[in-house]
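Undergrad: Got a structure for you, written out below as structure tokens; questions coming shortly.
The values are calculated or read from the model by the stated rules, or taken from the named source; none is laboratory data. Note that the coordinates shown come from a computational prediction; the quantities given were computed from them, not determined experimentally. Here the Cβ positions follow ideal geometry from the backbone for every residue, glycine too, while neighbour counts run over all protein chains shown. Note: areas computed on protein heavy atoms with side chains; ligands, DNA, RNA excluded. Shrake-Rupley method; radii C 1.70, N 1.55, O 1.52, S 1.80 Å.
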Amino acid sequence: MKYLKITLLNFLLVLLSFNINVANAQSDQNKSSKTEKVKKKKKKKKKKVKLPEIDLSHWKVTLPVTNEKGKPYEIEPPEILDFANNPIAKPYMYIDSTKGAIVFHAMPTESKTRNTKYTRSELREQMEPGNNNKNWTFADGAYMKGEIQMEASSKDSNGNYHRTIIMQIHGRLTNEQRDLIGEDDNNAPPILKIYWDKGKIRVKTKVLKNLSATDNEILHEDAWDDDEGFNFEQEVGFRKFTLEVKVSDGKMVIILNGNEYKVYDSIHIKRWGIFENYFKAGNYFQSRDQGAFSKVRFYELEVSH
């Protein structure tokens, strides 16, 4: 009887020990499973770094801040390639690595270029890096494509979003043309302005006031006037969109999202062939309202000739 009691007691102790070991094993397994889940959750939260597909080696930028001489601050190649580490540029031109875009941020400041009251965070094409004197004509041909998105824009007193110019073709006088008409700079009108305007894409170009004007006369800025403008039907709002600009001798084509076109091939465009040109892209903000601003994202920007 005594032997039976001892055997039963030993059996109970073994059983209790087994249950404890099983419980501990399950606990360790649960802990391991929880740790794995936490790790998986952490992995999901980790965001990938994206970089914009934009080569800045043939662009300079003008920013809405002044330099030590009180003029708009500019960064030319090769320094522009390291703009992300430039403390002066950071508030106005920076990389959004979660979206894979360069953001151009502009607002009213005292940093105004000549002949305008507006400020900009905008790129200017340089066919030869660091040189503004090398440009192209319509006969040479040119192409620009951008993938763009309005990130944010303030509103005016009427509740309408402020507009901004996101792409341009700007005219330029050669040194010989400048001297011929007695100008003190090489500035010529922009033949193309593309606006983000209250969620739509609006295009403006130039027309001659007098079609009988001579080649010398049309070199003067006051020989040209603004056209009525054109609005694409699609409303892009704050969504991503694609713009293409194709230029050839006597012709200019603007394409929105690959399926809506505006073609310019009138006598005005043909006579514009006398000028040199360069592309611009970014955020040329069109308001002086206090507290106004806009931010434009560029995911892609390519140019070819």
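Undergrad: Got a number for carbon plus sulfur as a percent of segment 55-165's accessible area, 1.4 Å probe?
TA: 44 percent
Undergrad: In the neighborhood of Arg172, defined by Cβ-to-Cβ distances under 15 Å, what is the net charge if each Lys or Arg adds +1 and each Asp or Glu adds -1?
TA: Net of charged neighbours comes to -3.
Undergrad: Based on alpha-carbon centroids, what's the gap between segment 66-132 and segment 226-265 in Å, whole number please?
TA: If we compute the Cα centre of each part, the gap is 25 Å.
Undergrad: To continue, here is another question. So what are the radius of gyration and Dmax for the Cα set of segment 74-123, in Å?
TA: 11.9, 37
Undergrad: Between rounded, prolate and oblate, where does segment 56-139 land on the alpha carbon gyration tensor, with a ≥ b ≥ c its root eigenvalues, rounded for a/c under 1.5, else prolate if a/b exceeds b/c?
TA: oblate
Undergrad: In segment 161-243, which chymotrypsin sites (Phe, Trp or Tyr not before Pro) fall in coil by DSSP and have 14 or fewer other Cβ atoms within 10 Å?
TA: On the way: sites: Tyr161, Tyr195, Trp196, Trp224, Phe230, Phe232, Phe238, Phe241; in loops: Phe238.
The qualifying sites are Phe238.
Undergrad: Over segment 147-210, what is the mean sequence separation of C-alpha contacts under 8 Å (at least six apart), divided by residue count, expressed as relative contact order in percent?
TA: It comes to 31 percent, rounded to a whole number.
Undergrad: Can you give the Kirkwood hydrodynamic radius for segment 91-206, in Å, rounded to one decimal and based on Cα pairs?
TA: Final number for the Kirkwood radius of segment 91-206 is 16.7 Å.
Undergrad: Enumerate by residue number the chymotrypsin sites (Phe, Trp or Tyr not before Pro) in segment 69-152 meeting two conditions: DSSP loop (anything except H, G, I, E, B), and at most 12 other Cβ atoms within 10 Å of the site's Cβ.
TA: The qualifying sites: there are none.
Undergrad: As an exercise, use a Förster radius of 45 Å and the Cβ-Cβ distance of Glu128 and Ala152 to find the FRET efficiency, rounded to the nearest 0.05.
TA: 0.80
Undergrad: Answer rounded, prolate or oblate for segment 153-227, using the Cα gyration tensor with square roots of eigenvalues a ≥ b ≥ c: rounded when a/c is under 1.5, else prolate when a/b is larger than b/c, else oblate.
TA: Working: a/c = 3.19, a/b = 2.31, b/c = 1.38.
Judged from the Cα gyration tensor, segment 153-227 comes out prolate (a/c at least 1.5, a/b above b/c).
Undergrad: Another one. With N denoting the number of residues in segment 190-305, provide Rg(C-alpha) divided by 2.2 N^0.38 Å, to two decimal places.
TA: 1.17
Undergrad: Let me check I've understood the local charge: for Phe232, count other residues with C-beta under 9 angstrom from its C-beta, Lys and Arg +1, Asp and Glu -1. What total comes out? Could you put the intermediate results ahead of the total?
TA: Values: positive: Lys200, Arg202, Lys262; negative: Glu233, Glu235, Glu260.
Combined, the nearby Lys, Arg, Asp and Glu give 0.
Undergrad: If I stretch the segment between Lys240 and Asp140 completely, what's the gain in nm (0.36 nm per residue apart, minus their alpha carbon distance), one decimal?
TA: 33.0 nm
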